[in-house]
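The next block holds one structure in the form of structure tokens; read it before the comments.
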Amino acid sequence: MFEPAGLVDLLAQVLRCREPRALLEALTIDEEGACGFPAGRTFLYMRGDAGLHRCPAESDDDSDRLLDAVHDALRTGRRTLLNAAGRQTHVLPLSSEGPPWGALAVALDGGSSDGAWRDRPEALDVLAECCARALSAHAGGGERADGAAHADGTARAGGTARADATPLAEAAQAAHAGVFAWDFTADNVYWDERTCSIYGVDPATFDGKGETFFALLYPDDVPVLQAAIARVTEEVVTARAHGAAEEAGRYHLGYRVRHADGSVHSVAEFGRVILDDQGRPARALGLVMETGAEHDRSPRGSVSADSSRDSFLFTLTRALSQAVTVQDVTRVMTQLARPALGAENLILGIEEAGRLTIVGETAIAPALSHLRGPAHTVMAMAAMQEQALFIEDLSRHTGPELAELAATGNVPPRSWVVLSLGSTDHITGACLIAFAGPRKFDSGERTFYTAVAVILTQSLERALLFDTEHQRATDLQEAMLPRHLPTLDSLEVHSRYLPGTQGMHIGGDWYDLLPLRDGTAALVIGDVQGHDAHASAVMGQLRVALRACAEAGLPPGALLGQVNRVLCDLDTDRFATCTYLVLDPKAGTLLGARAGHLHPLRIQRGVVSEVVLTGGPPLGVDTAAVFPTTRTAMAGDEALVLFTDGLVERRDADIDVCVRNMIDDIHRWGNLSEQEVDLGELVEFLAGRDAPERIDDVALLAVQRVVAAQA
């Protein structure tokens, strides 16, 4: 398995490359165990006027599934993974200053070097970022009017060749700059030899830990840098939430470091915070260079440590104000506060029924796992005593709160800040922030952490209240939905209800399957406006009304008309969309009506299309609304999928485009042209599609006629 130093060497080689072929040569290896990829399983794809250009052009590994994955990575800007015949192919988008203009495809088949890459996918992301930086000048940042180079290294006619542009690596060398990559999740830092020299560290002994970097900082600059890191991280997360992450995350910092000989050196850092595919701060990547005092553009200026701490608290308050759930609060503390503070670990616990329950905890090195138990004990003690603890050297601490440490074996020199969360009348929880090595906490720092505890307590209590209300709404929603769908010999049926992944997105979505007296079956999907308990209650009323009308044998259009009048008469100030279908499982006839809802999908071998139903307005809008009935048919091997808009809807995207994207995804899924649709696998695929970005709750109902029952 490769070591971090090997990855740094590879990144340095990549950044020196002038064109795609040279980059591929840097990425591929001949000997087993090196930090790279075997030749013949690494490909570059770059946009051009005539479509995608592939390098190497003579490659025969260009399957439809791989091309689909490349197009998907270019469309979404996210890594795509293909699994086939024991081989994993990672398709990584390449972008600079805008949408992806290319992709790197790497096939891993389980060799010793491949296994290292499989175990560390974040290293692939760092590698892709370096590839994009190395080729950005060559590619022109994508499809530019002035022309970009082909993937084989030649320039297009009529454009300006960019192959002679000064590559990033040579510019960095000329400026005596170093390259760094900081993995926030694992708290691992990659430095090349130049960066180590700037920080006064021997590359052979650098341990690759984030806290080592903070230990090198000039003491007065620590709070300045903490505030700056917190601000940049919070800005890029906020920009992602508002769909504007492309330009966010870039920063320029100035600070001082102290070498082992006591000399102080001014450093300029230029980088960018990168998010992972779930929108979490994953890493920072960039360049550092030493500056003379006359060129030092440090952001600290006349900023004092106290004002920098105030800035950090302001950033933390703003980030926590947007945290809705306990999970959100935990995410802010572990993904923003911990890296910015230079802490090694952070643990967050809440009080439940007289006990401390851990709700968030960053990864702990195996060598420190024996400290987890004592850490939880100290947190519970701090919460009960309503007093923060500042343990400056764990290996020398003799207080009673750490009595059990003696039984855990060797205690390394570390420092802990244990915050009590709560007020005089109740206990909320506790938070432990752990630092590598001993450290002194002066009065300014103790006041600072006390303020952190106050801010965190307020956010945590608000999140606990929200989670309680959300659970009540969830319970009501589940009570309103059918506990079990009826079993019909002539139909295979699968259903899902999926709560939204953001905010109080639960309430009015529902599905139903109703066996009718004449042997047909009614398929229902609907969505009540709103995401609260009121929406769930209205949904329950609509289900009852709809069932009563269905048992009376009303055709789809007349049924929706009757339910529409019921909702108008209820005066709930809510409207609802709905689709109602009546299917004859034996004959395959299908009657349907639609009230402002999305069209169902029919899926057959190689074909995905909408069942177009002539629709009316949403229910509850117009008492006199008319809902026409549409007649169509369903083939024996077709699957029919009814869904609410939460399955496809994405922020800042037109709903029609979202539906088309889902249809394209279904086309790519499972190679539909060669096999029948497996309904269960289809539902699992749809339910898991883009799950982290789902902003609304989802109701999903899928049916397929059982052909054998038609004999």
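The values are calculated or read from the model by the stated rules, or taken from the named source; none is laboratory data. This structure is a prediction, so every number in the text was calculated from the model and none was measured. Cβ sites come from the backbone with ideal geometry, for glycine too, and all protein chains shown count toward neighbours. The accessibility values were calculated without ligands, DNA or RNA, using every heavy atom of the protein model including side chains. Shrake-Rupley method; radii C 1.70, N 1.55, O 1.52, S 1.80 Å.
Database remark: amide H of Arg250 closer than 5 angstrom to the amide H of Val273 (H placed geometrically; neighbours at sequence offset of 5 or more, or on other chains; Pro and chain starts carry no H). Panel values: segment 359-482, Kirkwood radius from alpha carbon pairs, Stokes-Einstein at 10 °C and 1.306 mPa s, translational diffusion coefficient 97 µm²/s. Projecting label points 7 angstrom from Cα along Cα→Cβ for Ile364 and Asp425 puts them 3.5 nm apart. Work out, in µm²/s and without decimals, the Stokes-Einstein translational diffusion coefficient of segment 323-395 at 25 °C, 0.890 mPa s, Rh from Kirkwood over C-alpha pairs. The diffusion coefficient I find is 183 µm²/s.
Label zone of Glu352 (point 7 Å out along Cα→Cβ, amide N under 18 Å): in segment 424-449 this covers 427-432. Split the accessible area of segment 560-611 by element, probe 1.4 Å, and carbon with sulfur accounts for 44%.
Residues His484, His470 ordered from highest to lowest accessible area at a 1.4 Å probe: His484, His470. For segment 551-649, the equivalent ellipsoid built from the Cα gyration tensor has semi-axes of 26, 16, 10 Å, listed from largest to smallest. Taking the average, over residues, of other Cβ atoms within 10 Å as the packing measure, peptides 341-351, 73-83, 604-614 rank 341-351, 73-83, 604-614 from highest down.
Only four residue types carry charge here, +1 at the Cβ of Lys and Arg and -1 at the Cβ of Asp and Glu. Report the dipole size of segment 316-448 about the Cα centre in Debye, rounded to the nearest 20. Charge dipole, segment 316-448, about its Cα centre: 340 debye, nearest 20.
A 1.4 Å probe, protein heavy atoms only, puts the accessible area of Asp475 near 80 Å².
The 1.4 Å probe gives accessible areas that order His597, His531, largest first, as His531, His597.
Our coupling estimate for segment 523-528, obtained by passing each phi through the Karplus curve with A = 6.51, B = -1.76, C = 1.60 and θ = phi - 60°, is 10, 10, 9, x, 8, 8 Hz, Gly and Pro reported as x. Counting Cα-Cα pairs of segment 310-359 in 5 Å increments starting at 0 gives whole-percent bin shares of 5, 19, 25, 24, 17, 8, 2, 0.
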